[in-house]
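Some notes on the structure that comes next.
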Amino acid sequence: MITTIDSKFLAYINDNLLYIADRLLLHMDKTRYLHCLNVGTMAKQLANYYQVNCLKAEIAGVYHDITKQWEDAQHQQYLQQYLRQFLNEPVPTWHSKTGALCLEHHLGFNDKEIILILIIYEN
């Protein structure tokens, strides 16, 4: 059983959206999954139009709802552990914060710009 993955290998997986179905479908149903893929595509197109980093936009778009279907208790646990200051925010906005935390602490993303985009995104 593999318990750790080399950070360069993990960065390659993250930066190239590898295993995206496996990673997302653990956290959401197929309808939400297809929505996330579509948001990623649209984010990439908008980034290209505005001449900003297309890959970062696509990654943020694809993963923006990764925790949207979590129970409130799971969101609360993540926020309690990592970003307590957001526990006072409205519950419907928690998924943007916990989504960023999931990427950083569970999936091994280390791009702070992508993490910050997701934290400030409130949908």
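The values are calculated or read from the model by the stated rules, or taken from the named source; none is laboratory data. Just so you know, these numbers come straight off a predicted model, no measurement behind them. Cβ atoms come from the backbone with ideal geometry, glycine included; neighbour counts cover every protein chain shown.
Looking at region 1-83, what helices (runs of 4 or more DSSP H) fall wholly within it and have at least 2 residues that are under 17 Å from Leu118 (Cα atoms) and at pLDDT 95 or above?
It comes to 30-49, 54-63, 72-82.
Just checking, does region 15-31 include any residue being at positive phi and in contact (Cβ under 8 Å) with a residue 40 or more places away in the chain? Even if it seems obvious, please write down each step before you answer.
First pass over region 15-31, keeping only residues at positive phi: 17, 19.
Still in the list and also in contact (Cβ under 8 Å) with a residue 40 or more places away in the chain: 17.
There is at least one residue in region 15-31 that is at positive phi and in contact (Cβ under 8 Å) with a residue 40 or more places away in the chain.
Residues of region 32-51 being among the aliphatic types (A, V, I, L, M) and in contact (Cβ under 8 Å) with a residue 24 or more places away in the chain, which ones? Please lay out each step first, then the result.
Taking region 32-51 and keeping what is among the aliphatic types (A, V, I, L, M), we get 34, 37, 39, 42-43, 46-47.
Within region 32-51, Leu37, Val39 qualify.
Return the only residue of Arg32, Arg84 being surrounded by 11 or more Cβ atoms within 10 Å (Cβ to Cβ) and of a type in the set (Lys, Arg).
Values: Arg84 fails: surrounded by 11 or more Cβ atoms within 10 Å (Cβ to Cβ).
On inspection, the qualifying residue turns out to be Arg32.
Ile66 - would you say it is in contact (Cβ under 8 Å) with a residue 24 or more places away in the chain and under 18 Å from Asn16 (Cα atoms)?
Details: in contact (Cβ under 8 Å) with a residue 24 or more places away in the chain: yes; under 18 Å from Asn16 (Cα atoms): yes.
Here the answer is yes, as Ile66 does meet what is asked.
Can you tell me how many residues in region 83-123 are farther than 19 Å from Gln69 by Cβ and basic (Lys, Arg)?
2
Give region 114-123 a look and list any residue that's assigned to a helix (DSSP H, G or I) and in contact (Cβ under 8 Å) with a residue 60 or more places away in the chain, or say none.
Going through region 114-123, the residues assigned to a helix (DSSP H, G or I) turn out to be 114-120.
The answer is Ile117, and nothing else.
For region 51-62, enumerate the residues that are of a type outside the set (Val, Ile, Thr), surrounded by 14 or more Cβ atoms within 10 Å (Cβ to Cβ) and over 12 Å from His35 (Cβ atoms).
Once the filter is applied, which keeps residues that are of a type outside the set (Val, Ile, Thr), surrounded by 14 or more Cβ atoms within 10 Å (Cβ to Cβ) and over 12 Å from His35 (Cβ atoms), region 51-62 yields Asn53, Cys54, Leu55, Lys56, Ala57, Glu58, Ala60.
Would you be able to say whether some residue in region 109-117 is surrounded by fewer than 13 Cβ atoms within 10 Å (Cβ to Cβ) and within 19 Å of Tyr19 (Cα to Cα)? Explain how you work it out, then say what you get.
Our first condition is that a residue be surrounded by fewer than 13 Cβ atoms within 10 Å (Cβ to Cβ); within region 109-117, this holds for 110, 112-113, 116.
Now narrow it down to the ones that are within 19 Å of Tyr19 (Cα to Cα): 110.
Yes - at least one qualifying residue is present in region 109-117.
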